[in-house]
Amino acid sequence: MAHELSPGWTRRALPIEAQRTARVASKALAPDPSRPDSRDVAFGVAPRINAAGRMAHPAEALAVFEAALDEEAARQSVDRLNQLNVERQRIVKAHFEELVESIRTNTPPGLAVFRETSPKGIAGLLASECVERYSVPSIVRVPSLPLDSRLRVSLFLPDPPG
């Protein structure tokens, strides 16, 4: 069940000067801006903020909050986050489809893959998708850019039975 973000919660959780900015920004990002609730935050606001860090730079998400007092600038920043989120979804889907095609068995006992062309920001998403599809421990490694000897590694494990 989704919980409403009550004004009391907002007043206790945020400093006074940040309250108006947070209200404006959350309404701009929420799927139903008339009554944002915890579900809107979890599935509407958070993925878009997260996409900024995965696909571009976290400052793109901060721009929404910085521009919250200027409706046009806030709308432009939200539009940019929406574009980044759609791009993240498209890239994860394409890279996951390539990854699945590279697996030779239907149900491997575990996965450890190196994705040379995958962006570092989606390694964890790919590992999570592997666990969801195959229900086996999954490790996805991607290069850290600029190319050097370091790798980004994400490990996801399936939920224990029971």
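Flag: S118 does not match the condition of being out of contact with any His (no Cβ under 6 Å at 6 or more places or on another chain) and either among the hydroxyl-bearing types (S, T, Y) or surrounded by fewer than 19 Cβ atoms within 10 Å (Cβ to Cβ) (or both). Against the numbered list (1) at positive phi; (2) within 21 Å of the chain's Cα centre (by Cα), V131 comes up short only at (1).
Where a number appears in this text, it was derived from the coordinates with a stated rule and is not lab data. Note that the structure is predicted; figures quoted are calculated from it, not measured. Please note: Cβ atoms are built from the backbone with ideal geometry, for glycine as well, and neighbour counts cover all protein chains shown.
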